[in-house]
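**Q** Before I ask anything, let me first share the structure, which is written out below as structure tokens.
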Amino acid sequence: MNKTRAWHLKSRPTGMPHIGNFELMESDLPPLEDGMVRVRNAWLSVDPYMRGRMNDVKSYVPPFQVGAPLQGGAVGKVVESRAPDLQPGDTVFHMLGWREEAVAPAGAFNKVPAMGVGDEQWLGNLGLTGATAYFGLLRTADAKGGDVVFVSAAAGAVGSAVVQIAKVKGMTVIGSAGGPEKCAWVKELGADAAVDYKAGPLVKALQAAAPKGIDVYFDNVGGDHLDAAFATARNNARFAICGMIDSYNGGEPASFRYIMRVISARISIKGFIYTDYMSEMSQFYAEMGGWIAAGQVKSRETVRAGLEATPQAFLDLFTGGNTGKMLVKL
Ligand code: NAP
């Protein structure tokens, strides 16, 4: 019987995870029963939300189980099929990442539409990353041309998509990122200003970049970034809360000096999960596909090589080791 390898959760992390929380295991490939498909993965996604699934708590996705393989976005090719709708050679997107090969009922795999883009795009701007940016900005925050938008983690996967979508739609964009090189890239993407949050007090820097205030805040970080957005919001500002990576590993709880501005500035704050908008995916594919084809939305990936690199790629998300989308290429 053929062997295959997958990363398992060895123990639940406390605080910042470490490499010892993960274990690379080899097992027999299960036999392919009727209706099932075997896929060899080519690209694996690592994402900050996976940290939440490592805790044994109820959330919008079930927790990972200790001793079981981890899961996540992946793109691969069908190598064997006992299902009529998928044939060897088909490229598919699915959620059985962190492993070399995925064996599952055909319904677990989505054949990627022929759009003439690199396979890795289905984990980036055409995948959940791009959909999160698109729906969070345009639906949750209801951002419109003319708005001043602030987006945190702007040199990351979701943030860099938000910057570009906002520019296509005629908004003024301020992005924050850690360090001068990332900020330079955020500007290259079209942002009107980039704020290096590691260089000094964020409130001051944001208010200098947006002297008349912000209409929209797209939050990927929480903590001091959210507080700076409270401090800088114009009346009736809308905040789309996408993520709060600053809190995922615990640590000191954030203190909000400016939270009372929610009242005086009549700020609306709404959290969202990209799956809230699944019924609108065809519109997302049409618009995002068009922007990519026209060169209005560009992609950048930080690519780590080989299955062995997966946990470190994941850990490096929390120290800013990626610019654009963090991926593992098998
Ligand atoms: P990402 O931004 O590509 O990677 C994480 C980045 O966050 C790092 O590169 C780092 O950039 C920054 N960062 C890490 N720790 C930080 C801290 N303590 N303070 C400030 N910045 C920090 O990851 P992503 O996949 O695009 O995800 C971005 C956010 O969206 C995450 O919060 C994620 O959980 C959320 N998300 C939500 C949904 C949803 O449906 N709601 C879906 C996908 C993602 P710097 O070097 O600039 O610090």
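**Q** Please give the solvent-accessible surface of Val195 in Å², to the nearest 10, using a probe radius of 1.4 Å with every protein chain present.
**A** Surface accessible to solvent at Val195 totals approximately 10 Å².
**Q** Another question, then. On the first, second and third principal axes, largest extent first, how far apart are the outermost C-alpha atoms of the chain in Å?
**A** Answer, in whole Å and largest first: 65, 43, 33 Å.
**Q** Show me, for the range 189-203, the HN-Hα J-couplings you get by feeding each phi into the Karplus relation (A = 6.51, B = -1.76, C = 1.60, θ = phi - 60°), rounded to Hz, glycine and proline as x.
**A** In residue order, the calculated couplings are 6, x, 4, 6, 8, 10, 10, 8, 6, 8, 8, x, x, 6, 4 Hz.
**Q** Okay, moving on. Where in the range 58-95 are there trypsin sites (Lys or Arg not before Pro) that are in a DSSP coil and have at most 12 other Cβ atoms within 10 angstrom of their Cβ?
**A** Filter output for the range 58-95: Lys58.
**Q** For a Förster distance of 45 Å, can you work out the FRET efficiency between the beta-carbons of His18 and Ser279, rounded to the nearest 0.05?
**A** Calculated transfer efficiency: 0.70.
**Q** Report the label-to-label distance for Asn249 and Ala294 in nanometres (one decimal), using points 7 Å from each Cα along the Cα→Cβ vector.
**A** It works out to 4.0 nm between the two label points.
**Q** Classify the range 115-218 as rounded, prolate or oblate, taking a ≥ b ≥ c as the square roots of the eigenvalues of its Cα gyration tensor: rounded when a/c is under 1.5, otherwise prolate if a/b is larger than b/c and oblate if not.
**A** Oblate, because a/c is 1.5 or more while a/b does not exceed b/c.
**Q** If you don't mind, another one. Determine ³J(HN,Hα), in whole Hz, for all residues of the range 113-127 in sequence, where each value follows from phi through the Karplus function 6.51 cos²θ - 1.76 cosθ + 1.60 and θ = phi - 60°; x replaces Gly and Pro.
**A** For the range 113-127, the Karplus curve yields x, 6, 10, x, 10, x, 4, 5, 4, 6, 9, x, 5, 9, x Hz.
**Q** Another question about this same structure. Relative contact order of the range 239-330: what whole-number percent is it, with Cα pairs under 8 angstrom and at least 6 residues apart?
**A** With pairs under 8 Å counted, the relative contact order is 24 percent.
**Q** Where both residues lie in the chain, what percent of DSSP beta bridges are antiparallel, nearest 5?
**A** So the antiparallel bridges amount to about 50 percent of the total.
**Q** Enumerate the calculated ³J(HN,Hα) couplings along the range 250-267 in order (Karplus 6.51 cos²θ - 1.76 cosθ + 1.60, θ = phi - 60°), each rounded to whole Hz, writing x wherever the residue is Gly or Pro.
**A** These are the phi-based 3J(HN,Hα) values: x, x, 4, x, 5, 10, 10, 6, 10, 4, 5, 5, 3, 6, 5, 8, 6, 7 Hz.
**Q** Residues with amide H under 5 Å of Glu80's amide H, sequence separation 5 or more or different chain, H placed in the peptide plane at 1.01 Å from N; which?
**A** For Glu80, whose amide H was placed from the backbone, the distant partners under 5 Å are Arg38.
**Q** According to a simple spin-label model (label point 7 Å from Cα along Cα-to-Cβ), what is the distance in nm between Ala108 and Asp142?
**A** 4.1
The values are calculated or read from the model by the stated rules, or taken from the named source; none is laboratory data. Predicted, not measured: the structure shown is a model, and the values here were computed from it. No Cβ is skipped: glycine too gets one built from the backbone with ideal geometry, and neighbour counts run over all protein chains shown. Surface accessibility is based on the protein's heavy atoms, side chains included, excluding ligands, DNA and RNA. Shrake-Rupley method; radii C 1.70, N 1.55, O 1.52, S 1.80 Å.
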